[in-house]
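First the structure, in the form of structure tokens, and then the observations on it.
The values are calculated or read from the model by the stated rules, or taken from the named source; none is laboratory data. Bear in mind that the values here come from a model prediction, so they are computed numbers and not experimental data. Positions of Cβ are generated from backbone atoms using ideal geometry, with glycine treated the same way; all protein chains shown enter the neighbour counts. What goes into the accessible areas is simple: the full protein's heavy atoms, side chains included, and nothing from ligands, DNA or RNA. Shrake-Rupley method; radii C 1.70, N 1.55, O 1.52, S 1.80 Å.
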Amino acid sequence: MDKSARKFFRCAIYTRKSTDHNLDLEFNSLDAQREACEAYIKSQAHEGWRLIPDRYDDGAFSGASLDRPALQQLLSEVRSGKIDVVVVYKVDRLTRALADFAKLVELFDRHSVSFVSVTQSFNTTSSMGRLTLNVLLSFAQFEREVIGERVRDKIAASKRKGLWVGGPIPLGYASIGKKLVIVPEEAETVRLIFSLYLEFGAVRLVAEELDGRGVRTKRQALANGRIRGDGRFGVGSLANLLRNRFYIGEVVYRGEIHPGEHEPILDRALFEGVQAKLANQAVARSLRLKGSSAILAGRLFDDSSNRMTPTHANKRGVRYRYYVSHPLLQNRSEDAGSVRRVSAPDIERIVLDAVREHLENRTARQEEGSLGDRELIDEYVERIILKPNSIDILIRQQSEPDDAGQPEYDCTPNPDAHEGARTVIALPWSPPTSGTAKGILHEPSSPLPMSPDTREDLLTAIGKARHWMDDLVNGRAASFAEIAKRENRVERHVRFLAPLAFLSPRIIRAIIGGNAPPSLTVTGLAKALPYSWVEQERRIGLLLG
């Protein structure tokens with residue numbers, strides 16, 4: 001890096017601070033670093049050093065990685081040949097990771113850029129200077145790791161004492177003086193959610209009910225001014241909330257439960273009742289999956305890590321099976337992956353053929369050939385990822401044979417099909433626009449079918465509403481209040497569903513056939529339902545024929 005022939009050297013100052021503490025001051029740590037660097041550059045003016053006007057300041061960014069906006073801008077200028085010297089206050093302002101530092105030095109060398117620390121005399125052009133820098137960076141990395149261990153130990157000790165140590169504030173609480181206190185309005189929402197789950201028995205129905213009532217997630221203002229929350233409750237977030245022991249005054253850390261110092265929102269009987277119902281639902285779902293014809297259920301994912309959920313549609317007496325990206329069933333199409341819907345028979349045949357061929361090409365146990373389709377998937381397939389141009393099949397890792405001479409398999413889940421020691425079968429593939437599967441016309445571009453669970457919920461609600469209205473007409477019930485008492489429901493719930501008794505026959509036929517809009521829900525259908533059948537059909541988007 002001989003710059004003796006140059007008259008001027010363009011110098012860039014880089015500053016960094018790990019936290020945002022005191023960054024709002026008129027003269028902060030970043031300004032102090034820059035002032036020292038500017039003074040050093042002026043002292044080298046006789047060597048032709050000149051400060052460029054651009055600033056490269058990273059406030060509240062850790063030195064553990066290179067993912068910092070100002071640093072990336074600086075490196076971009078280095079690659080463009082606009083900088084000759086990078087000046088920092090201390091080496092660890094640039095990075096605290098030895099591996100990252102080696103990458104930076106390599107980049108600087110490639111573009112003939114020098115690196116200077118104003119408080120430490122280093123010259124990166126000499127072998128001794130590099131050795132000294134490497135030693136210093138080793139201690140900087142050691143310091144970072146020790147700090148991390150100390151922070152983790154402090155968090156663990158605080159958790160064991162039941163203290164809240166920061167992070168997202170749970171719904172129902174507010175942080176005052178670094179302690180959590182109950183917010184009465186939000187606490188009522190929490191109790192409502194738990195009560196609704198005991199009433200409906202399904203997280204999805206609770207989410208729909210909350211959406212119909214206009215109940216939204218906790219609104220929080222972040223330090224950068226952005227607003228988080230204040231949206232609809234999702235099934236995943238509700239499931240986590242229903243399992244959160246924080247609401248009964250407990251703190252969970254690494255599987256251990258400790259008494260918390262905060263005041264509980266729920267009584268233990270209500271919480272344990274919900275946990276028992278969640279456990280029963282999980283067992284029922286597991287049994288339902290095992291009895292399902294969808295052999296890839298639980299293993300098939302899109303390229304955004306969403307599960308592909310099995311579903312079906314009935315047309316003219318023929319059942320068409322599909323796997324659908326789960327966010328689509330929750331009206332979250334923006335979260336779905338590139339492949340949103342695929343024919344179940346097609347993808348199952350492709351995966352089975354690929355797995356059997358893979359097993360035939362290696363030394364396999366003789367009984368592998370006699371395994372059924374489901375047993376083959378359960379035994380060997382860990383994960384399947386659908387991409388626009390390929391299918392990645394993650395095969396369970398086979399270890400050395402055990403004492404009995406039989407190979408063992410590592411079944412530890414691995415969400416990343418491209419990391420670790422797993423075998424990945426990558427198949428070139430693209431979603432067909434149309435085709436046939438076992439003699440059945442397959443139209444992937446047709447509208448998304450209504451899920452069986454949604455159809456069952458709608459038909460059940462319609463049946464109840466008709467039964468209640470028939471009781472009122474024939475004198476078997478005197479009022480909605482009497483029906484609500486008999487059904488062990490609130491009167492408002494009965495009144496809310498009652499208009500479904502007057503639903504258009506065409507809408508009911510569409511629901512039975514699975515041809516109604518897939519986004520249709522009990523809450524959406526019953527809410528402000530007009531009595532005109534034509535208006536009902538127009539409102540839900542049912543095509544008139």
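Summary of values
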{"quantity": "Residue in segment 100-115 that is farthest from Leu66 (Cα to Cα), counting only those that are modelled with pLDDT of 85 or more and part of a helix (DSSP H, G or I)", "calculated": "Arg110"}
{"quantity": "Qualifying residue in segment 187-204 (condition: open to solvent by 60 Å² or more (accessible area, probe 1.4 Å), under 19 Å from Pro264 (Cβ atoms), of a type outside the set (Asp, Glu) and within 24 Å of the chain's Cα centre (by Cα))", "calculated": "no"}
{"quantity": "For Gln275: the one exception among (1) at pLDDT 85 or above; (2) not in a helix (DSSP H, G or I)", "calculated": "(2)"}
{"quantity": "Residue in segment 335-346 that is more than 14 Å from Arg307 (Cα to Cα), modelled with pLDDT of 85 or more and not small (Gly, Ala, Ser) present", "calculated": "yes"}
{"quantity": "Filtered residues of segment 293-338 (kept if under 19 Å from Ile377 (Cα atoms) and in a helix (DSSP H, G or I))", "calculated": "none"}
{"quantity": "Test result for Arg316, at pLDDT below 80, under 23 Å from Ala510 (Cβ atoms) and either open to solvent by less than 10 Å² (accessible area, probe 1.4 Å) or over 29 Å from the mean Cα position of the chain (by Cα) (or both)", "calculated": "yes"}
{"quantity": "Every residue from segment 205-235 that is open to solvent by 50 Å² or more (accessible area, probe 1.4 Å), in contact (Cβ under 8 Å) with a residue 40 or more places away in the chain and assigned to a helix (DSSP H, G or I)", "calculated": "Asp211"}
{"quantity": "Yes/no for Gly81 being touching a strand residue (DSSP E or B) at 6+ places or on another chain (Cβ under 7 Å) and farther than 18 Å from Glu38 by Cβ", "calculated": "no"}
{"quantity": "Cross-chain or 6+ apart pairs with Cβ under 6 Å, segment 158-176 first and over 14 Å from Leu222 (Cα atoms) and hydroxyl-bearing (Ser, Thr, Tyr), then in a loop (DSSP other than H, G, I, E, B) and open to solvent by 60 Å² or more (accessible area, probe 1.4 Å)", "calculated": "Ser158/Val165"}
{"quantity": "Hey, Ser305 touching a Gly at 6+ places or on another chain (Cβ under 9 Å) and either of a type outside the set (A, V, I, L, M) or crowded, with 18+ Cβ neighbours inside 10 Å (or both) or not", "calculated": "yes"}
